[in-house]
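Structure record follows, encoded as structure tokens.
The values are calculated or read from the model by the stated rules, or taken from the named source; none is laboratory data. Source: prediction; values computed, not measured. Positions of Cβ are backbone-derived with ideal geometry, glycine not excepted, and every protein chain shown enters the neighbour counts.
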């Protein structure tokens, strides 16, 4: 890696000597490592080591009262081929994709408009996005249950409009609504951070060049805000995929989703090897797809 | 040089941690061999279900023995058990349910009680003194008990509804489609289906379990939800009319409403679950003497009555029954509750390796 | 750098409508939650007449007050540490190339994509063994360390969304003008990435305040947090006491916002006088 970087450094050096640039480059590299080190070490101790333990467990055997670390096998990984797992995965992914898209659709214009406000207003708007989430997670879900129940405001409203009584509670729509509610801030925050830094002159320039509003959005704003879109989508998609409390409270737990399936393995079934294998494979798949996305140049869009 | 040594040390500690953690827990055991009756050897750390003992009641114990008492709460046996099993939980007394006592005994994660320190054990009713999950009660002392059954809105169903699981699993349920909940719990709900089919709710026969799975799968279309956290509230708010749930919750919930008589709870004639929660002491409890003292204190007739009158569950403490609220006692002894008699109910027992089949069957039933 | 200018009027109206829609969406359940905190019924979804009992109960319940204070302490400490570590790591990843960068990059995503129950179980095993070796008791430290472990990643991802594509010419210019590295960071870089840091901090704080499963597995005696306490109530039913606690937190946070606005204004006025 070092070898490939040095020629680049010398190409850049039109003012300073190649030696000077190379030394500077190396110093920068050392500084980068030095800055990354605290978080690196922290995550190594408090994340990687525990993670290794759990991966070891995925090859162990379930017993009545725990996990026996002997009789190493890959049965837990074999079970992942069960069509049941595939159905659950498919169902959860669909739900998570829909949630992510709706969040994106609501959050993008929100974050964009917020970016056009003065700094004080922006910060205020941001805090008012977060304040609802400093109430308790369960009571927020219960409040939605009241709103969506057969006697609740939603049902009354739909009756008044003439759509007839409707109970949204215990349907997939209610689950999606609950998930969007819970994860919308996760989309707004990175989008705002990404859009707010965009140089407004670029947008003005595109408008001056007679681009329509949509064209200037499509060719200027969106590409420039892509890091925010990607970050937000990851932050919404991943927890939606693993959510289990909201689907239980608002959806009535009538179908099994990935989140509750994993929880069931660790808790009700006390089958840690299978739970660990399931999570490990899930993490590997998601990590690989994220990395592949960035490698393919998604980052430079 | 020095830094290197230091780094090396950190590295070796990390390695040891890793290896030790991978080898499972084998922390030091504590024992109550040296204690005397009513002796305390430190503060009490109680790990209990929420709303299961009044804070003030616990404070009264602390005051009487001049120690302090803290309580932390959990929402399921399955969250509590791995924490105790992992060791160093820091708790002196835990309150596991029946089948979980069996699991904790098998894993040697709770210690044998020193019955000499528990003179009040004589207050425990004979019904509870020799449970199947802990013969002779060597490791656990019953705390509270209740049934799992069905609650119905009699204002909607009338009085002629069948006292049977058929009202959720049979054709009867079609009339109340979308107004029924079953518990979101593999053992309880499969147990209900098994009972309805005339099998034991602790079966380890895959064929019987498959039948139960099919029964739930068929009943699913009539359900509003699988729900554990608020089946009682959904019933009294009118969202549902038939709810699978726990006796104590249902009973207190009925009393919350304007017309408690509009609701009824019963264990169907085919039978249901009788659950018993128990006090036990983790293998590495920091203060085993205090733990014994607390258990013995709560077994006192007066304290037992105070406990039940506050949480409104049944007491296994025979001496405490005279001190119970009339309302509570009437409910506990109501013959209409236990339709099939005491022989029809079972406690959930751990089925060992078959446990994963239950979890799996429930997942498949849901689809 | 000039900010984004006002959009055109039709677009603007649509955007404004979206803002109100989103805020309505955010606050509709909050309104319900507030209303039911005054309800004289044990159930969170049933109206039983007006009462202040739940607020009184909150005042009387040492368990609830203790849980709230535990939650706040943990959230504040873990947020501060996570923001510092997360921001520095984001800068390292966006501004520098170094050996092991890709591994570090991947590592930072892991706490986000791991199912929380899996993280809970692995940290339980880890801390229980560590407690055996080092002889500490679980509680504040173990919970806070765990929260930092997932918060770092969230902070880092938000700050990076801000930094991505932003060049470091300004900073270099400052250094060229004989500013020290620290001065350049303090006066140039930091203000530029501030919106990212604020966003990350808000996210970390909220996540810490809401976490149940991980906290529940790594906590020790006396360190029940508010969400864990509330989760415990599931078996017997969550009461409006939790609504009351939520309302107290709402009022307190809005009070803090108002206070900061007022001090801002006061500062602005005194500046004008000068």
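Please tell me if residue A:177 is closer than 28 Å to residue A:235 by Cα, in contact with a helix residue (DSSP H, G or I) (Cβ under 8 Å, 6 or more places away or on another chain) and either outside any helix (DSSP H, G or I) or not assigned by TED's automatic domain parsing to the domain that holds residue A:94 (or both). Considered against the rule, which asks whether it is closer than 28 Å to residue A:235 by Cα, in contact with a helix residue (DSSP H, G or I) (Cβ under 8 Å, 6 or more places away or on another chain) and either outside any helix (DSSP H, G or I) or not assigned by TED's automatic domain parsing to the domain that holds residue A:94 (or both), residue A:177 comes out as no.
Pull up the range C:131-143, narrow it to residues that are surrounded by 22 or more Cβ atoms within 10 Å (Cβ to Cβ) and within 20 Å of residue C:85 (Cβ to Cβ), then point me to the one that is farthest from the other protein chains (Cβ to nearest Cβ). Outline the logic, then answer.
To start, the set of residues in the range C:131-143 that are surrounded by 22 or more Cβ atoms within 10 Å (Cβ to Cβ) comprises C:138, C:142-143.
Filter once more, keeping what is within 20 Å of residue C:85 (Cβ to Cβ): C:142-143.
Values: C:142: 10, C:143: 12 Å.
Within the range C:131-143, the match that is farthest from the other protein chains (Cβ to nearest Cβ) is C:143.
The residue of the range C:218-239 that is surrounded by the fewest Cβ atoms within 10 Å (Cβ to Cβ), among those that are under 18 Å from the mean Cα position of the chain (by Cα) and more than 8 Å from chain B (Cβ to nearest Cβ), is C:227. With respect to the conditions (1) crowded, with 23+ Cβ neighbours inside 10 Å; (2) more than 19 Å from residue C:110 (Cα to Cα); (3) more than 8 Å from every other protein chain (Cβ to nearest Cβ), residue A:248 falls short on a single one, namely (3).
Given the criterion at pLDDT 95 or above and assigned to a helix (DSSP H, G or I), identify the matching residue among B:152, B:156. Write out each step before concluding.
On the way: B:152 fails: assigned to a helix (DSSP H, G or I).
Unique residue meeting the criteria: B:156.
Taking the numbered list (1) in contact (Cβ under 8 Å) with a residue 40 or more places away in the chain; (2) over 25 Å from residue B:84 (Cα atoms) in turn, residue A:54 passes all entries but (2).
Rundown of residues vs (1) within 10 Å of chain C (Cβ to nearest Cβ); (2) assigned to a helix (DSSP H, G or I); (3) under 14 Å from residue A:108 (Cα atoms), yes/no style:
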| position | (1), (2), (3) |
| --- | --- |
| A:182 | yes, yes, no |
| A:203 | yes, yes, no |
| A:206 | no, yes, no |
| A:217 | yes, yes, yes |
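If you go through the range B:311-330 and keep only what is surrounded by 15 or more Cβ atoms within 10 Å (Cβ to Cβ) and out of contact with any strand residue (DSSP E or B) (no Cβ under 8 Å at 6 or more places or on another chain), you end up with B:312, B:319, B:320, B:321, B:323, B:324, B:328, B:329.
When you scan the range A:205-225, do you find a residue that is in the same structural domain as residue A:118 (by TED's automatic domain parsing), modelled with pLDDT under 90 and either surrounded by 21 or more Cβ atoms within 10 Å (Cβ to Cβ) or within 16 Å of the chain's Cα centre (by Cα) (or both), even just one? No - not one qualifying residue is present in the range A:205-225.
Only a single criterion out of (1) farther than 20 Å from residue C:117 by Cα; (2) not in a helix (DSSP H, G or I) is not satisfied by residue A:229, namely (2).
Scan the range A:154-167 for residues that are under 19 Å from residue B:179 (Cα atoms), more than 10 Å from chain B (Cβ to nearest Cβ) and surrounded by fewer than 20 Cβ atoms within 10 Å (Cβ to Cβ) and jot them down. Before you say what the answer is, go through the steps one by one.
We begin by selecting, within the range A:154-167, every residue under 19 Å from residue B:179 (Cα atoms); these are A:154-156, A:164-167.
Narrowing the set further to residues that are more than 10 Å from chain B (Cβ to nearest Cβ) leaves A:154-156, A:164-166.
Within the range A:154-167, A:156, A:164, A:165, A:166 meet the criteria.
Here residue B:82 fulfils each of the conditions (1) at the interface with chain A (Cβ under 10 Å from one of its Cβ atoms); (2) touching a residue at least 12 places away in the same chain (Cβ under 8 Å); (3) under 21 Å from residue C:132 (Cα atoms) apart from (2).
Going by the structure shown, is residue A:238 within 30 Å of residue A:143 (Cα to Cα) and away from chain B (no Cβ under 11 Å)? Please lay out each step first, then the result.
Numbers: within 30 Å of residue A:143 (Cα to Cα): yes; away from chain B (no Cβ under 11 Å): yes.
It is true that residue A:238 is within 30 Å of residue A:143 (Cα to Cα) and away from chain B (no Cβ under 11 Å).
Scan the range B:346-358 and tell me whether some residue there is closer than 24 Å to residue B:139 by Cα, modelled with pLDDT of 95 or more, outside any helix (DSSP H, G or I) and within 14 Å of chain A (Cβ to nearest Cβ). Within the range B:346-358, not a single residue is closer than 24 Å to residue B:139 by Cα, modelled with pLDDT of 95 or more, outside any helix (DSSP H, G or I) and within 14 Å of chain A (Cβ to nearest Cβ).
Within the range C:44-160, considering only helices (runs of 4 or more DSSP H) that don't extend past its boundaries, which have at least 2 residues that are within 18 Å of the chain's Cα centre (by Cα)?
Numbers: elements: C:53-60, C:62-95, C:101-113, C:116-134.
Of the helices (runs of 4 or more DSSP H) lying wholly inside the range C:44-160, those with at least 2 residues that are within 18 Å of the chain's Cα centre (by Cα) span C:62-95, C:101-113.
One residue alone among C:242, C:214, C:193 is touching a helix residue (DSSP H, G or I) at 6+ places or on another chain (Cβ under 7 Å), within 9 Å of another protein chain (Cβ to nearest Cβ) and under 19 Å from residue C:79 (Cα atoms), and that residue is C:193.
Can you tell me which of C:92, C:82, C:75 is over 21 Å from residue A:239 (Cβ atoms), touching a helix residue (DSSP H, G or I) at 6+ places or on another chain (Cβ under 7 Å) and buried (at least 24 other Cβ atoms within 10 Å of the Cβ)? Steps first, answer last, please.
Working: C:82 fails: over 21 Å from residue A:239 (Cβ atoms); C:75 fails: over 21 Å from residue A:239 (Cβ atoms).
C:92 is the lone residue from the list that is over 21 Å from residue A:239 (Cβ atoms), touching a helix residue (DSSP H, G or I) at 6+ places or on another chain (Cβ under 7 Å) and buried (at least 24 other Cβ atoms within 10 Å of the Cβ).
Only a single item in (1) surrounded by fewer than 22 Cβ atoms within 10 Å (Cβ to Cβ); (2) more than 14 Å from chain A (Cβ to nearest Cβ) is not met by residue B:294, and it is number (1). Of the residues in the range B:133-141, at least one is closer than 24 Å to residue B:329 by Cα and modelled with pLDDT of 95 or more.
Give the residues of the range A:184-201 that are buried (at least 20 other Cβ atoms within 10 Å of the Cβ) and outside any helix (DSSP H, G or I), sorted by residue number.
The answer is A:196, A:197, A:198.
What about residue B:55, is it under 30 Å from residue C:212 (Cβ atoms), away from chain A (no Cβ under 14 Å) and modelled with pLDDT under 95? Judged against the criteria, residue B:55 is a match. Taking the criterion of being surrounded by 13 or more Cβ atoms within 10 Å (Cβ to Cβ) and outside any helix (DSSP H, G or I), the residues of the range C:166-200 that qualify are C:166, C:168, C:179.
Considering the conditions (1) within 29 Å of residue C:198 (Cα to Cα); (2) at pLDDT 95 or above, residue A:196 is excluded by exactly one of them, (2).
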